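Worksheet: one structure, shown below.
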Amino acid sequence: MQALCRSFLHQMAPRTAGGPLRRTSIRRQLITQIKVPPGTRIRVNNNKHQLWPSPPELLQHRCQALLHHQLSYDLLHLNSEHFVTFVRYGRAVCTQTLYKTKDTEDEVATQTFQRMIPEMIPTESEL
């Protein structure tokens, strides 16, 4: 059943020159530069989860460390919401996945991102 759903989603997913979108890279882009169909509204949902954000320095470290990495895109287990929640909270969470309860961590996605980030070296003020 999951293979059938995944096949359907790949058919419905955006396409690249090489076929269905299966690989993606993390990049920085202004929200005003995102190409969307005319009339589409973009919202930033920073208060969607009942989790505490990490300190700004840690958010920035995670984001910088993950920038330009390529990943296998998976709508159910490794998507853009997993990325942004990992950067913000240190846990990959996705509310787009219907079978999971709210704010349930996707441990595989969290571990995938954690492996990509080098240890943070403490500054003098943190010692």
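The values are calculated or read from the model by the stated rules, or taken from the named source; none is laboratory data. All figures in this text were calculated on a predicted structure; none of them were measured in a lab. Glycine also receives a Cβ, built like all others from the backbone with ideal geometry; neighbour counts cover every protein chain displayed. Remember, those area values only see protein heavy atoms, side chains included, never the ligands or the DNA or RNA. Shrake-Rupley method; radii C 1.70, N 1.55, O 1.52, S 1.80 Å.
The residue list Leu76, Leu51 contains one member that is assigned to a loop (DSSP other than H, G, I, E, B), modelled with pLDDT under 90 and touching a Phe, Trp or Tyr at 6+ places or on another chain (Cβ under 6 Å), which is Leu51. When Leu71 is tested against the conditions (1) outside any loop (DSSP other than H, G, I, E, B); (2) at pLDDT 90 or above; (3) touching a Leu at 6+ places or on another chain (Cβ under 8 Å), the lone failure is (2).
Restricting attention to the range 88-113 and to residues that are in contact with a strand residue (DSSP E or B) (Cβ under 7 Å, 6 or more places away or on another chain) and outside any loop (DSSP other than H, G, I, E, B), the residue that is most open to solvent (accessible area, probe 1.4 Å) turns out to be Glu105.
Annotation note: of Gln70, Gln64, Gln33, Gln29, the sole residue that is surrounded by 10 or more Cβ atoms within 10 Å (Cβ to Cβ) and farther than 20 Å from Asp103 by Cβ is Gln64. Do we find a residue being exposed (fewer than 15 other Cβ atoms within 10 Å of the Cβ) and out of contact with any helix residue (DSSP H, G or I) (no Cβ under 6 Å at 6 or more places or on another chain) anywhere in the range 73-81? Among the residues of the range 73-81, at least one is exposed (fewer than 15 other Cβ atoms within 10 Å of the Cβ) and out of contact with any helix residue (DSSP H, G or I) (no Cβ under 6 Å at 6 or more places or on another chain), which makes the answer yes. For the range 47-61, filtering for residues that are surrounded by 12 or more Cβ atoms within 10 Å (Cβ to Cβ), in contact (Cβ under 8 Å) with a residue 40 or more places away in the chain and farther than 19 Å from Glu119 by Cβ leaves 3. When we screen Thr32, Thr85, Thr40 for residues that are touching a strand residue (DSSP E or B) at 6+ places or on another chain (Cβ under 6 Å) and either at pLDDT 85 or above or in a helix (DSSP H, G or I) (or both), the only hit is Thr85.
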